[in-house]
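Below is one structure, written out as C-alpha cells, with a few remarks after it.
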Amino acid sequence: MAKSRTLNPARRVLEYKLDDSVGFMITVTERRLKPLFRECVAAEGFAYGMWYFLRVLFEEDGLTQKELSERVGMMQPTTVTALRAMERDGYVSIKEDKKDKRRMRIFLTDAGRRIGSRILPMLRQINDFALKDVTEEEFKVLRNVLRKIRHNIDSGTFKPVRQPQRRPSTAKRA
C-alpha cells in the first residue's frame, strides 16, 4: 500500500505548483540569463548596472532623468548615481532642456554609442539563443503577457488578503 503524502500547510493554502508562480518562473529565467549578459557587458569594460540605462538611451536618446528611470524601472536616486558615473566615464552628456530649463536631458556621447554598438550584438546573440525554440508568435504572446503582468502590478490596486493565523493548542499533552 502506498503512503499518502501530507502536503505542508503552505502548499494546501496556495494550491498551486511552484512552476505556476509567475514570480518564480521569471526569477529562475532571469538568474540564468543575467550571468551571460553580465559577462558580455564586462568583457567590454562596462558596468552591468549601467547597461540598461545606456540601452534605453541607445534606442531613445535625449530622455529626461525621470523618463529614463521609468523606462528602466529604477528609482530616480539609482538613476542619478548611474548617470553621474556614465557622465564621468564619458558615455553620456547631461544638458538643460531647451524648453524647460528645470529639466535635464540625457544624451549618449560618441563613446556611449560605440560601446553600445559593441555590446548590443552580443546580447542579441544571447537573446536569440534563449529564444531558439520559440516561434515568433510565441514570443509575441510572451511579450504581451509580460506587459500585462507589469501593467497589473503597476496599477497598485492589489491588496493581499491575509490568512488567519491558527493559534497553537494550549492543551497539555499526556
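Details
- Taking label positions 7 Å along the Cα-Cβ direction at both residue 129 and residue 18, the computed distance is 2.5 nm, reported to one decimal.
- Placing pseudo-labels 7 Å out from each Cα toward the beta carbon at residue 55 and residue 152 gives an inter-label distance of 2.4 nm.
- The trypsin sites (Lys or Arg not before Pro) of the stretch 122-171 that DSSP puts in a loop, and whose beta carbon has at most 13 other beta carbons within 10 Å, are 132, 162, 166.
- The residues 48, 91, when put in order of fewest to most other Cβ atoms within 10 Å, stand as 48, 91.
- For the chain, averaging the sequence separation of C-alpha pairs within contact (under 8 Å, six or more residues apart) and dividing by the residue count gives a relative contact order of 17 percent.
- Each residue of the chain gets 250 Å³ once the volume of the Cα convex hull is shared out per residue.
- With 10 Å bins from 0: P(r) over the stretch 14-87, alpha-carbon pairs, percent: 17, 38, 30, 12, 3
- Ordered by the number of other Cβ atoms lying within 10 Å of each residue's own Cβ, fewest first, 107, 158 fall into the sequence 158, 107.
- Order of 149, 115 under a 10 Å beta carbon neighbour criterion, fewest first: 149, 115
Bear in mind that the values in this text are calculations on the coordinates, not laboratory data. Everything numeric here is computed off the predicted structure, so don't read it as measured data. Heads up, the Cβs are rebuilt from the backbone with ideal geometry, glycines too, and the neighbour counts pull from every protein chain shown.
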